[in-house]
Amino acid sequence: MAGAANKLTPPDAVAAVSAGQPVLAQCFEQWRDAARQLLAHDIAPHAVQWISRPGDGDLLAGIDDAVARPRAPCPAAGAVQLPRRLVDLLQTAARFRADARWALLYRVVWRWRRGERDVMSAADPDGARLHAMVKAVQREQHDMHAYVRFRERPEAAEAPRFVAWYEPVHDVLAQVAPHFAARMGGATWMIATPEATVMWDGAALHSLPPRMRGAADVDDAGEALWLTYYRSIFNPARLNRRLLHSHIPARFWKNLPEGAVVPAMLAQAAAGARRTGQAPGVAERPGSVVRIAAGGAGPRRGGGDGDGALAQCRRCELWRHATQAVDGAGPATAPIMLVGEQPGDQEDLAGLPFVGPAGAVLERALALAGLARDAVYITNAVKHFKWEPRGKRRLHKTPAQQEVDACRVWLEREIERGQPAVVVALGATALKAVLGDAGATLKQALGRPLRHQGRWVLALYHPSYVLRLPDAAARQQALDVIVAGLARARQLRDGRDGRDG
Ligand code: URA
């Protein structure tokens with residue numbers, strides 16, 4: 001990482017110990033340098049007191065004198081040879097926030113050097129503590145991957161475009177930063193924490209000073225949409241408070257956007273709204289909206305309906321219960337074409353693809369992958385909304401194979417007309433529509449570009465799959481796959497085979 005933190009002058013650990021002073025270690029590297037000196041002078045663990053911050057325990061008074069005192073030169077640090085696995089364990093455990101970490105690490109290395117190989121095993125008391133710390137740090141890294149929420153600053157003139165606030169309980173920011181750099185492609189971002197801040201400028205990571213809570217407070221239209229969706233899918237009749245808390249531990253709620261609305265929804269459910277909790281939302285739903293004029297200021301429509309023929313399509317029965325056929329949108333000759341399954345409830349009413357909740361996920365993924373929505377052409381394998389009534393709601397129903405087959409002519413027409421270099425199939429139905437019956441399954445092709453009829457075809461999860469997943473970690477992982485795939489589509493568009501990063 002550029003400007004790596006903690007480039008501190010190593011204190012003279014041996015001098016500090018002989019003066020009865022504690023040894024300062026603020027990071028793994030500093031601890032390692034001190035430990036090498038101490039081991040070289042055969043100083044036993046019980047003789048060393050470690051501290052993580054200068055000034056801890058008032059014991060540092062006089063340290064400068066102690067350090068200045070002359071002493072025997074330190075034998076070569078190379079004298080300590082540790083196996084790679086032990087070094088990895090030590091490095092990971094060093095990120096566990098507890099003052100006792102440095103003493104434990106030193107005891108482990110000291111014992112190892114004396115031939116006590118059991119010290120690496122979880123059956124040994126020190127080994128068990130070391131493994132528990134490693135596990136906690138890994139868990140924290142995993143949680144941070146899952147629960148960091150970026151907010152977009154689309155109006156900001158300078159980087160970063162996405163900002164997030166997070167409060168890790170261990171020192172894992174530097175470890176998770178490369179994950180976000182890979183996931184966000186060319187988009188610039190910053191993650192602020194109470195202890196440190198990291199920024200990605202699109203090419204390199206930078207360490208910045210810590211920020212105050214609130215550093216990531218921005219108005220994000222995507223987040224507002226997500227909250228509307230979150231509220232609308234909340235079903236008080238199915239509330240399981242224990243499950244909810246076990247899926248997302250309480251400490252994460254405060255920094256998750258949906259965390260702000262959950263308490264009110266829980267209270268509403270507890271106040272007897274279990275039977276009728278969704279009724280107000282359903283009652284507010286507008287009736288069918290009939291689009292009067294195509295085109296205008298909205299997103300440009302694409303290839304299928306150039307002559308109005310799509311609007312009259314009667315190739316299968318789906319038209320009977322749909323408001324209208326939904327054509328593709330975006331520049332008809334865009335080099336990247338995204339193909340979904342079929343319009344949903346909101347798309348059917350608006351006459352545009354991906355404008356509902358799945359569209360919000362897609363839009364976010366596009367932004368994270370560094371692709372502008374209006375630079376891609378977005379369409380569906382099936383052009384009419386297939387649904388079944390559920391109370392007052394119209395619930396999506398997966399189109400049958402013969403409906404996909406009947407509609408393929410429109411998709412072929414759009415591909416023929418646009419000649420995209422890359423077709424991204426969102427979900428299994430789209431993949432089948434693009435490759436035909438003999439093509440690969442979604443499982444086989446997920447994220448792997450295929451050559452098909454002279455162009456790249458890349459299969460990804462459908463955005464609504466992300467919304468259906470029960471817990472935040474799984475949702476984040478699925479979103480990551482989509483974002484990485486879209487970034488790859490961008491590389492393929494640019495003439496790279498997508499394997500070079
Ligand atoms: N799902 C799709 O596959 N397409 C849309 O347009 C909306 C939701």
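Every number here is computed from the coordinates shown, using simple stated rules; none is lab data. Here the structure is a predicted model, which is why all the values come from computation and not from measurement. Ideal geometry is used to build each Cβ from the backbone, glycine not excepted, and the neighbour counts take in all protein chains shown.
Approximating the spin labels as points 7 Å out from Cα along Cα→Cβ, the Ala375-to-Glu412 distance works out to 3.2 nm. Treating r as the C-beta distance of Ala309 and Glu388 and R0 as 22 Å, the FRET efficiency rounds to 0.20. Amide H contacts for Gln49 (H built 1.01 Å from N in the peptide plane; partners 5 or more residues away or on another chain; cut-off under 5 Å): Val23.
Treating each Cα of segment 147-217 as one equal point scatterer and applying the Debye formula with no solvent, the log10 of I(q)/I(0) at q = 0.18 Å⁻¹ comes out as -0.60.
Here the simple spin-label model places points 7 Å from the Cα toward Cβ, and for Thr398 and Ala156 these points are separated by 4.1 nm.
The amide H of Thr197, built 1.01 Å from its N in the peptide plane, has Leu208 as neighbours under 5 Å, considering only residues 5 or more places off or on other chains. With 21 Å as the limit on Cα-Cα distance, the pairs of Lys386/Lys443; Lys383/Lys432; Lys386/Lys432 that go past it are Lys386/Lys443.
Using the Cβ atoms and a cut-off under 12 Å, what net charge is assigned to the surroundings of Val434, where Lys and Arg are +1 and Asp and Glu are -1? Local charge sum for Val434: -1.
Please express the shape of segment 318-493 as an equivalent ellipsoid: the semi-axes are the square roots of 5 times the eigenvalues of the C-alpha gyration tensor, given largest first in whole angstrom. If you can, show how the numbers build up before the last one.
Numbers: eigenvalues 102, 76, 48 Å².
Its equivalent ellipsoid spans semi-axes of 23, 19, 15 Å.
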